[in-house]
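What follows is a short report on a single structure.
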Amino acid sequence: MAVNIRSVKSSDFNLVNRDLPTWAHPEVHYWYPEWRKIRDCVAGERAIKDAETDYLASLESMSGADYNSYLDRATFYNFTGRTVEALTGSLMRRRPVIDDLPKRLNERLKIISREKHPFHMFSTMIARENIQMGRVGVLVDLPRTETTQPKPYLCSYTCENILDWDEDIVNDELVLTRVVLREQKRVRNVTQATGNTTTMETDYVPRYRELALEEGPGGTHIYVQKIYERSDNAVDFELIESNLTDTIIPMRQGVPLDFIPFCVLGPRESRMMVEKPPMMDIARLNLSHYQSYAWLEHGRF
């Protein structure tokens with residue numbers, strides 16, 4: 001009997017969103033397993049089967065070849081992903097319109113994100129994240145190069161990459177005083193082999209961007225960005241001076257900001273509080289159906 005052997009799995013790649021540093025917020029640690037299930041269910045059968053025993057346990061006395069055949073016979077019908085796409089399409093069937101937008105800002109809507117997305121496309125991505133996970137972060141940032149006509153842009157961060165945060169009372173108001181965002185940097189390592197041949201390996205190195213309000217002169221507060229990274233792919237390194245690679249103080253008309261231009265968008269006005277993902281129950285049902293179908297096909301076999 002032929003056995004379908006998968007030579008490459010998603011776990012073979014160093015995807016940093018598969019792991020969490022120990023210092024991440026307790027809410028992130030609590031919800032992270034559910035977020036991963038939803039992501040995999042939306043991604044579809046390939047992601048689910050690549051996870052192997054995470055979602056489909058091996059039956060008693062199964063060998064590796066037997067389990068691979070058992071896995072191949074199972075079918076994952078992706079109604080989680082279909083639900084997300086249907087709801088997103090229904091919500092965004094008409095392009096969003098901003099009322100009373102000054103004419104001088106109309107051109108800005110054509111390129112609004114770091115990846116050069118127009119406003120309607122960026123809005124669609126935000127809507128899909130909210131329907132799927134119920135949580136997505138948006139940062140307003142500026143290019144590093146100083147200019148008399150700066151062009152701010154939007155950066156989105158998935159819920160898995162909003163790792164830690166603090167809120168405090170500033171000027172009698174509860175505000176965000178610190179947030180740590182995870183990014184990933186692709187690194188290509190070229191090594192010289194014997195003779196004239198070379199090999200190239202691609203790795204993904206985690207990088208953490210800390211946004212913080214620091215005390216300035218006269219009791220004021222200054223918004224500061226700090227970038228922490230290392231040359232290796234260690235996930236759990238600390239945000240300490242030895243790992244600090246860059247410090248940025250964004251300016252507006254030559255003056256530092258006194259707030260963090262970052263917000264979390266969700267189904268409610270919950271500020272930084274994490275809520276139950278909208279697709280969690282559907283994803284769990286989808287996995288239950290997948291497991292039942294695997295048992296049924298195994299019995300038929």
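The values are calculated or read from the model by the stated rules, or taken from the named source; none is laboratory data. Quick caveat, the model's predicted, so the values are computed rather than measured. For neighbour counting, all protein chains shown are included, and Cβ atoms are generated from backbone atoms with ideal geometry for every residue, glycine included. Ligands, DNA and RNA are stripped out before the accessible areas are found, and what is left, the full protein with its side chains, is counted by its heavy atoms. Shrake-Rupley method; radii C 1.70, N 1.55, O 1.52, S 1.80 Å.
Dipole size in debye (nearest 20) for segment 70-203 around its Cα centre, Lys and Arg Cβ +1, Asp and Glu Cβ -1?
About 880 debye.
Comparing ILE169, ILE126, ILE248 in a Gaussian network model of the chain, where Cα atoms under 10 Å apart are tied by springs, the biggest mean-square fluctuation is seen for ILE169.
Principal semi-axes of the equivalent ellipsoid, √(5λ) from the alpha carbon gyration tensor of segment 197-301, are 43, 26, 11 Å from largest down. The C-alpha radius of gyration of segment 20-82, expressed as a fraction of 2.2 N^0.38 Å, stands at 1.37. In the structure shown, the pairs LYS103/LYS226; LYS151/LYS276; LYS151/LYS226; LYS37/LYS276 are assessed against 24 Å; a Cα-Cα span above that value is assigned to LYS103/LYS226; LYS151/LYS276. The Cα center of segment 223-283 and the Cα center of segment 33-89 differ in position by 31 Å. Shape summary of segment 29-122, radius of gyration then Dmax from alpha carbon positions: 21.0, 69 Å.
On full extension, the segment bounded by ARG46 and THR145 gains 31.4 nm, given 0.36 nm per residue less the C-alpha separation.
Taking the Cβ of ARG186 as the centre, find all other residues whose Cβ is under 13 Å away and add up their charges (Lys, Arg: +1; Asp, Glu: -1). My count for the surroundings of ARG186 gives -1. Ligands, DNA and RNA left out, the accessible area of the chain computed with a 1.4 Å probe is 51% carbon and sulfur. Annotation: the chain has a Kirkwood hydrodynamic radius of 22.4 angstrom, from the mean reciprocal C-alpha pair distance. If a spin label sat at a point 7 angstrom from the Cα of ARG95 along the line to its beta carbon, the backbone N atoms of segment 112-148 nearer than 19 Å would be those of 112-128.
Grouping the Cα pair distances of segment 68-146 into 10 Å bins from zero gives a pair-distance distribution of 14, 33, 27, 14, 7, 3, 0 percent in increasing distance order. For segment 78-233, the alpha carbon positions stretch 66, 53, 35 Å along the principal axes, listed from largest to smallest.
Computed with a 1.4 Å probe over protein heavy atoms only, the accessible area of THR145 comes to about 110 Å². Solvent-accessible surface of the chain, averaged per residue with a 1.4 angstrom probe and all protein chains in place: 60 square angstrom. Ranking ASN78, HIS117, SER61 by Cα position along the charge dipole of segment 51-153, where only Lys, Arg, Asp and Glu carry charges on their C-beta atoms, puts HIS117 farthest toward the positive end.
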